[in-house]
1. Where in the range 178-195 does the label zone of Arg164 land, with the point 7 angstrom along Cα→C-beta and an amide N cut-off under 14 Å?
2. Step through the residues of the range 158-174 one at a time and calculate ³J(HN,Hα) from phi using the Karplus curve (6.51 cos²θ - 1.76 cosθ + 1.60, θ = phi - 60°), rounding each to whole Hz and writing x for Gly and Pro.
3. Can you give me the long-range amide H partners of Asp235? Hydrogens built in the peptide plane at 1.01 Å from N, cutoff under 5 Å, separation of 5 or more residues or another chain.
4. Which one of Gly191, Tyr261, Ser236 has its Cα pushed farthest toward the positive end of the charge dipole of the chain, where Lys and Arg give +1 and Asp and Glu give -1 at the Cβ?
5. Spin-label point model (7 Å from Cα, Cβ direction): what's the Leu20 to Ala65 distance in nm?
6. What FRET efficiency do you get for Leu47 and Ile204 if R0 is 35 Å and r is their Cβ-Cβ distance, rounded to the nearest 0.05?
7. Taking the chain as a Gaussian network, where each spring joins two C-alpha atoms under 10 Å apart, which residue of Pro166, Pro205, Pro60 fluctuates the most?
8. Once amide H atoms are placed 1.01 Å from N in the peptide plane, what residues at a sequence separation of 5 or more from Thr176, or on another chain, have their amide H within under 5 Å of its amide H?
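Throughout, read-outs are computed from the coordinates displayed, never taken from laboratory work. Here the structure is a predicted model, which is why all the values come from computation and not from measurement. Cβ atoms come from the backbone with ideal geometry, glycine included; neighbour counts cover every protein chain shown.
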Amino acid sequence: MLAITYSADCTVLRRTLTALIAGGLLVAWLHFFGITGFFVAWILIGLLLIHEWVRGEKLPLFSRAVLTLLTVCIWGAAFWAWALKAAVIGFLLSALWGLRRKSPELAWRWLLLNLHAILIIGVGWGAIGWILHKPYSLERTLAFLSMTWVADIMAYIGGRWLGRRPILPQISPKKTVEGLIFSVIGTALWGRWAMQWVGNIEGIPPEIVGGIVALTAFIGDAYQSAWKRLHHLKDSGRLLPGHGGIWDRVDSLIWVAGAWYFLS
């Protein structure tokens, strides 16, 4: 029992230290380099996210390259119409390339992988750049990110203190109904403050936006858990001690950003 407690304490300590160091470095980078630093960080983190995904899928090098280019085009589609056209053409060509295979199962798998790149990593991560680049400010960026952080923290606290009924026992046994309710309420209250910095979504009260953020963050986290279980992975990567990989940290954020993009 002591060994288990000690191990749990060490994990919490590693997670806390990693979050403080990584968060501090990111804030310093954005503070000193402004919008240029934001886009550099956005592209680099996004590429690491794609790398973790295609590595987890165990794709060959050519497939990794095609899906990486396709996803990057989707990011650009938020800013330039030609990027959207390139992404659509790339999707059609890659789908035809997949369908030419002899095995129908492999063909459909390739098609679904393309859709995965577009709908989740492409749209979600691309939406972050679109949402935050204009008007860009460090305060606005942190306020937007804070809503997802609050949603995750409130879900964790609510689950630990009040959690009794698992909501997705086959996918993530630690997620509870009580944790989700706590997250929705906490993020709705936080959204009232955060939206002052981020900017209101026309026609939707900030408390409702906060609640939507919490629900969407939950879906993103649950989807990531399902993906890891499907591929028999504990974490998407090992870059962040105590946290896992990049995708483990932005799984909720990319879904929140995608929802925000469509609401806007």
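1. Within reach of a label on Arg164, which here means backbone N under 14 Å from a point 7 Å along Cα→Cβ, the range 178-195 contributes 178-179.
2. Couplings: x, x, 6, 7, 10, x, 10, 10, x, 9, 9, x, 7, 9, 8, x, 7 Hz.
3. Answer set, sorted by chain and number: none.
4. Ser236
5. Placing both labels 7 Å beyond Cα along the Cβ direction yields 4.5 nm.
6. E between Leu47 and Ile204, to the nearest 0.05, is 0.60.
7. Pro60
8. Excluding prolines and chain starts, which carry no amide H, the hits are Ile167.
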